[in-house]
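Asks: Okay, handing you the structure first.
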Amino acid sequence: MASIPVIVATLVSGYLMWRLIRFAMTYRMWNRIHNSTTPMGTRHPIYGTMHHYSDAEGFLKHVMPIIHNTRAKMLSGWLFCLFPTFVVCHPDTAKLLLRSSEPKAKRFTMVYRSILPWLGDGLLVSDGPKWERNRKLLTPAFHFDILQPYVNIYNKVTDILLDKLWSEGKDGQSVEVAGPVGLATLDTMLRCAFSYEGDVQLKGESHPYVRAVKDLSHTCIRRTIRPWLFPDLVFYHTKEGRQFRSLTQYVHTFSSDIIKARRKSITADPSQLDKRRLDFLDILLSAKDETGTGMSDEDIQAEVDTFMFEGHDTTASAISWAIYALAKYPREQERLAAEVKQVIGTRTCVEWEDLSKLRYQSVFIKEVMRMYSPVPFVARCLTRPLVYESTVIPAGFGVDINIHGIHHHPDVYPDHETFRPERFSDGSVEERDPYAFVPFSAGPRNCIGQNFALNEIKVVLTRLLRRFHVELDEDHEVTFVPDMVMRAKYGIKVRLLPR
């Protein structure tokens, strides 16, 4: 009878042989597909195509010239020497994924797997019957009747934001806006979705939750392009992994405290749920499907964490880049200021009816989100082959959707480096593919809170334009950093002049 060491050695050898054969088959399959797509550069025998970049910023700088020079619709590369990667960057290829119900990419090498310990299996990451059920349960939270009274909260939050910016810049000094804007959008989310007022804008330059989200996002992206950090056993024994775990525990505690406080309040006074308009957390706690089953505590925690992140960070990115665009393009700013004056007159606060009248501001915001895509990438995992012309990517592979690449593809937007809001109001809109502009993703998995975000952006910009003229600090370098949201590496600095 064979000894235990021999049995173990045989099993390990068999496993390694199986992995080697599987790798060889995958590589052969990828190489065949690779020949019918545009390569992401030359291949290194060890690093694959990763030797061209070391982080997400470097990746974007590397692939964008390839897209521009080759007019590619699909790119292929090789992470390290083991993991094939595909990127779609044109409406013709992106729509094949976006209009389907393909799940988010949660396999071993894919970005959403890195997010799971932080955000859980909420709407951003979940798929199948669970996603369909929870999406249906949460849709009422973003109904017209729910969104309308939030305008008053947007105004209150913006009052604090503008006063804070003015206190820092009233002596003619330039002021960094991305940080305060992030606090303001967090404040808005807490007040609107959770009826929670914690004075987050008044507690120093940055709330620990905002800093935690920024660091968690950065780590998730870094881990995705560092294959040696894929295994949890390795990652959580690194300094970065230990910090990730600590920050995850903090954000979970922060959101859990909000949930507990609301549960306690509802237990003490159940009539709170009889009010006409329930906020997001009310709906989470009281929603039941057709079988009468509510959401589990784990589901509620995941959805709260997801909306805490998505509801403030992506909107903060859009507002920050909008302020940057106001300062960089003064003629656009004055046109927008004139529209604001015409719509709200001498009033200070924005009302619900004003939002639909700010027509040029609407196309300005679209151009900001095209130029500086708040979410630069999303990803899907194929449950069935993806077929485009002569290219067939088999089921099981992950595919990244480069939203920033779509928004800057020269065949879609020939003048893509020109900031021109009119492109969303002239005759070219009808000619353009519906999947040529997807800042909130598209199809069945589009962002459930996009109207909430757009309304908030409009109120902040309108109030800002009503009160200030914005000038760019020309001495400050503004550099894109494509984490889970598009950030400015060194922040965004502007000068504020009273109107």
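A short reminder: the numbers here are calculations on the coordinates, not readings from a lab. Every value quoted in this text rests on a predicted model; they were computed, and no experiment measured them. Using ideal geometry, Cβ is built from the backbone for each residue, glycine included, and neighbour counts are taken over all protein chains shown.
Asks: Report, ordered by chain and residue number, the aspartates and glutamates lying within cross-link reach of LYS156, taken as a straight Cα distance under 16 Å and ignoring same-chain residues fewer than 8 apart.
Replies: Output for LYS156: ASP187, GLU197, ASP199, GLU351, GLU456.
Asks: Quick one: what are the phi-derived ³J(HN,Hα) couplings along the range 447-459, Karplus 6.51/-1.76/1.60 with θ = phi - 60°, whole Hz, x for glycine and proline?
Replies: With the stated coefficients, the range 447-459 comes to 5, 5, x, 5, 5, 4, 5, 4, 5, 5, 4, 4, 5 Hz.
Asks: Measuring from centroid to centroid over Cα atoms, what is the spacing of the range 216-266 and the range 410-486 in Å?
Replies: 29
Asks: Take GLU431, GLU298, GLU310 and order them by how many other Cβ atoms sit within 10 Å, fewest up front.
Replies: Numbers: GLU431 8, GLU298 11, GLU310 22.
With the fewest neighbours first, GLU431, GLU298, GLU310 line up as GLU431, GLU298, GLU310.
Asks: Which one of VAL304, VAL6, LEU382 is farthest out on the positive end of the charge dipole of the chain, using unit charges on Cβ (Lys, Arg +1; Asp, Glu -1) and the Cα centre as origin?
Replies: Farthest towards the positive end: VAL6.
Asks: Moving on to the next point. May I ask you to evaluate 6.51 cos²θ - 1.76 cosθ + 1.60, the Karplus curve with θ = phi - 60°, for each residue of the range 32-46 and list the ³J(HN,Hα) values in order in whole Hz, giving x for glycine and proline?
Replies: Rounded to whole hertz, the list is 5, 5, 4, 5, 10, 10, 8, x, 8, x, 5, 9, 8, x, 10.
Asks: By how many nm would the segment from SER390 to ARG242 grow when fully extended, if each residue of separation counts as 0.36 nm and the alpha-carbon distance is taken off? Write out the running numbers ahead of the final one.
Replies: Working: separation 148, 0.36 × 148 = 53.28 nm, distance 4.52 nm.
Length difference between fully extended and current span is 48.8 nm.
Asks: While we're looking at this one, here's another question. Please say if the range 196-338 is rounded, prolate or oblate, where rounded means a/c under 1.5 for a ≥ b ≥ c the square roots of the C-alpha gyration tensor eigenvalues, and otherwise the choice is prolate for a/b larger than b/c and oblate otherwise?
Replies: Oblate shape, in that a/c is at least 1.5 and b/c is the bigger or equal ratio.
Asks: For a 28 Å ceiling on Cα separation, which of these pairs sit above it: LYS239/LYS260; LYS214/LYS260; LYS104/LYS366?
Replies: Violating the 28 Å Cα-Cα cut-off are LYS239/LYS260.
Asks: Oh, and also: For the range 435-489, what does the alpha-carbon gyration tensor say about shape, rounded, prolate or oblate, given a ≥ b ≥ c as the root eigenvalues, a/c under 1.5 as rounded, and a/b over b/c as prolate?
Replies: Values: a/c = 3.10, a/b = 1.36, b/c = 2.28.
It comes out oblate by the Cα gyration axes.
Asks: Order by neighbour count: PHE452, PHE230, fewest other Cβ atoms within 10 Å first, most last.
Replies: PHE230, PHE452
Asks: Using a 10 Å cut-off around each Cβ, can you sort LYS357, LYS95 from fewest to most neighbouring Cβ atoms? Present the calculation step by step, with values, prior to reporting the outcome.
Replies: Numbers: LYS357 13, LYS95 20.
Ascending Cβ contact count within 10 Å gives the list LYS357, LYS95.
Asks: Follow-up. Assuming R0 = 35 Å, can you tell me the calculated FRET efficiency for the pair THR418 and THR293, based on Cβ-Cβ distance, to the nearest 0.05? Spell out each step's value before the answer.
Replies: Details: r = 52 Å, r/R0 = 1.50.
Here the calculated transfer efficiency is 0.10.
Asks: Then there is this: Counting only DSSP beta bridges with both residues in the chain, tell me the antiparallel percent, nearest 5.
Replies: Details: 28 of 34 bridges.
DSSP beta bridges in the chain are roughly 80 percent antiparallel.
Asks: Tell me which residues come under 5 Å, amide H to amide H, from ARG487 once H is placed; ignore anything under 5 positions away on its chain.
Replies: Hits under the 5 Å cutoff: VAL481.
Asks: Defining a contact as two alpha carbons under 8 Å apart and six or more residues distant in sequence, what relative contact order in percent does the chain show?
Replies: RCO, the chain: 23 percent.
Asks: DSSP loop chymotrypsin sites (Phe, Trp or Tyr not before Pro) in the range 176-229 with at most 10 other Cβ atoms within 10 Å of their Cβ, which ones? Each step should come with its number before you reach the end.
Replies: Details: sites: PHE194, TYR196, TYR209, TRP228; in loops: TYR196.
When the chymotrypsin sites (Phe, Trp or Tyr not before Pro) of the range 176-229 are filtered for loop state and at most 10 Cβ neighbours within 10 Å, nothing remains.
Asks: Where Lys and Arg each count +1 and Asp and Glu each count -1, what net charge lies around VAL343 among other residues with Cβ under 11 Å from its Cβ? Walk me through the numbers before you get to the answer.
Replies: Values: positive: LYS341, ARG347, LYS357, ARG359, LYS458, ARG466; negative: GLU339, GLU351, GLU353, ASP354.
Neighbourhood net charge equals +2.
Asks: Shifting gears a bit: Excluding same-chain residues fewer than 8 positions from LYS95, which aspartates and glutamates have a Cα within less than 13 Å of its Cα?
Replies: By straight Cα distance, LYS95 reaches ASP400, ASP433.
Asks: Sticking with this one: Between ASP433 and MET64, what's the calculated FRET efficiency when r is the beta-carbon distance and R0 is 22 Å? Round to 0.05.
Replies: Working: r = 20 Å, r/R0 = 0.90.
The formula returns an efficiency of 0.65 here.
Asks: Students often get this wrong, so check it: of LYS61/LYS328; LYS61/LYS130; LYS164/LYS328, which have C-alpha atoms separated by over 26 Å? Walk me through the numbers on the way to the answer.
Replies: Values: LYS61/LYS328 22 Å; LYS61/LYS130 37 Å; LYS164/LYS328 22 Å.
In this structure, LYS61/LYS130 exceed 26 Å between Cα atoms.
Asks: Would you give the gap between the C-alpha center of the range 133-153 and the C-alpha center of the range 361-388, rounded to a whole Å?
Replies: Comparing the Cα centres of the range 133-153 and the range 361-388, I get a distance of 23 Å.
Asks: Let me ask another. Between LEU116 and VAL8, what FRET efficiency comes out of the Förster formula 1/(1 + (r/R0)^6) with R0 = 25 Å and r the beta carbon distance, rounded to 0.05?
Replies: Working: r = 31 Å, r/R0 = 1.25.
With a Förster radius of 25 Å, E is 0.20.
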